[in-house]
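Here is the structure we will look at.
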C-alpha cells in the first residue's frame, strides 16, 4: 500500500449547519455522509469516510485548506453552485487561467465559522 492521507477532521461550531452545508455541497462530487458514530461527529466519503466534521467545543479550525478533486469543469461548477445554494457566500470572483479546471476556487466551504 502506498502512503496517502487517510482522513481529515475539522472542528465546527455548529454541527447541524455544517452537516447540512457539506451534505448539499459535497453531493455534487459524489460524496455523502457515511456515518455518525457519536453525537455531533460525522464522516463523509464515497465508499470510505475520509472527510470528518465534529463539534468538540475547541473552536473552529483556522488556517486549514481542504481541496477535493473533480472529474471536470461541470462538476466543479455544480459543487460551487451547491455551496452557494447551501448558504456559503462567494469571497471573490472565481479565477481561471493558469490553474487546472479541477481546482476549486472562490468558495471556502466552512460554515459555522464567525
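Based on the Kirkwood radius over alpha-carbon pairs, what value in µm²/s does the Stokes-Einstein equation return for the translational diffusion coefficient of the stretch 16-57 at 20 °C and 1.002 mPa s? Kindly include the intermediate steps, with their values, before the conclusion.
Details: Rh = 10.2 Å.
The calculation lands on 210 µm²/s.
Order these peptides, 16-27, 64-75, 32-43, by their mean beta-carbon neighbour count within 10 angstrom, highest first. Show your work: numbers first, answer last.
Numbers: 16-27: 18.9, 64-75: 12.2, 32-43: 14.2.
So the peptides 16-27, 64-75, 32-43, ranked by packing, come out 16-27, 32-43, 64-75.
When a/c is below 1.5 the answer is rounded, else prolate if a/b is larger than b/c, else oblate, so apply that to the stretch 1-85 with a ≥ b ≥ c taken from the square roots of the Cα gyration tensor eigenvalues. Before the final figure, lay out each step's value.
Working: a/c = 1.62, a/b = 1.24, b/c = 1.31.
It comes out oblate by the Cα gyration axes.
Extending 7 Å from Cα along the Cβ direction at residue 81 and again at residue 58 yields two label points whose distance is 3.8 nm.
The stretch between residue 47 and residue 4 holds 13.9 nm of extra length on full extension. This uses 0.36 nm per residue minus the Cα-Cα distance.
All of the numbers you see were taken from the coordinates with simple rules; none came from a lab. Because the structure is a prediction, the values reported are computed rather than measured. Cβ sites come from the backbone with ideal geometry, for glycine too, and all protein chains shown count toward neighbours.
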